[in-house]
Amino acid sequence: MSLLETIVARAGEKKIQCLLAGGHAVIVHGYQRSTFDVDLVVRRADRDAWVELLTVLGFTTFHEGPTFLQFNPPSGESSALDLMFTNEQTFAKLHTDAVPNPLGPTQPPVVSLRHLVAMKCHAIRHGHAGRVVRDADDLIHLFLANRLDPSETPWRDVVAEFGTAELHEKLKHACKPD
């Protein structure tokens with residue numbers, strides 16, 4: 001059993017849920033790239049239960065912020081783990097639209113393509129400079145891999161709500177058919 005499967009199983013025992021996001025979700029949605037951590041979306045109300053679970057499994061806190069909690073992996077493991085906290089309403093929307101993990105039911109469900117695009121737009125709009133290039137690259141490649149037109153609904157609306165007008169123009173340019 002992989003460490004992620006163990007995390008999902010233990011979370012199930014504690015009746016806490018998670019969704020796969022970040023680089024692993026980008027891969028599931030069609031853009032093959034490397035990633036060095038696992039990003040999980042969880043309910044803010046379950047924060048303490050998640051910290052307890054991950055501490056028992058040997059994770060140690062690396063960085064703590066208001067919406068994220070980053071963990072170093074246990075000894076002998078290579079993947080760091082990041083938790084992204086959402087309120088109940090947001091988690092419910094994400095969970096309702098999540099897609100099954102192609103690796104099977106022992107893996108966490110994956111945020112939908114629409115929500116992943118929204119997350120990437122939000123990260124670009126509000127993120128720190130070190131992440132903008134990676135998130136923009138992910139976004140462009142997700143649009144290309146899935147043959148999405150940033151000028152069409154719902155993609156235009158998602159970028160407008162969570163991104164910027166400048167980002168929308170750059171996506172239209174980058175995704176323009178030759």
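The values are calculated or read from the model by the stated rules, or taken from the named source; none is laboratory data. None of these values were measured; they are calculated from a predicted model. Cβ coordinates were reconstructed from backbone atoms using ideal geometry, including for glycine residues, and neighbour counts include every protein chain displayed.
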Checked pairs for the range 145-157, first surrounded by 13 or more Cβ atoms within 10 Å (Cβ to Cβ), second part of a loop (DSSP other than H, G, I, E, B), C-beta under 6 Å and 6 or more apart or across chains, list as ALA145/GLY30; ALA145/TYR31; ASN146/GLY30; PRO150/CYS175; TRP155/LEU148
In the range 114-128, is there at least one residue being exposed (fewer than 14 other Cβ atoms within 10 Å of the Cβ) and modelled with pLDDT under 95? yes
Apart from one, (1) part of a helix (DSSP H, G or I); (2) touching a residue at least 40 places away in the same chain (Cβ under 8 Å) all hold for VAL42; the odd one out is (1)
Flagged pairs (Cβ under 9 angstrom, 6 or more apart or on separate chains; first in the range 120-135, assigned by TED's automatic domain parsing to the domain that holds LYS170; second of a type in the set (Ser, Thr, Tyr) and loosely packed, with under 14 Cβ neighbours inside 10 Å) are CYS121/THR164; ILE124/THR164; ARG125/THR164
Pairs returned, first residue in the range 86-110 that is modelled with pLDDT of 95 or more and surrounded by 19 or more Cβ atoms within 10 Å (Cβ to Cβ), second residue that is of a type in the set (Ser, Thr, Tyr) and part of a loop (DSSP other than H, G, I, E, B), beta-carbon separation under 7 angstrom, 6 or more apart or interchain, are ALA98/SER112
Counting only residues that are in contact with a Lys or Arg (Cβ under 9 Å, 6 or more places away or on another chain) and either closer than 17 Å to PHE68 by Cα or outside any helix (DSSP H, G or I) (or both), the range 128-140 contains a total of 1
Checked against (1) assigned to a helix (DSSP H, G or I); (2) at pLDDT below 95, PHE143 satisfies every condition except (2)
Taking the range 49-77 and keeping only residues that are among the hydroxyl-bearing types (Ser, Thr, Tyr) and either in contact (Cβ under 8 Å) with a residue 24 or more places away in the chain or not in a loop (DSSP other than H, G, I, E, B) (or both), one is left with THR55, THR60, THR61
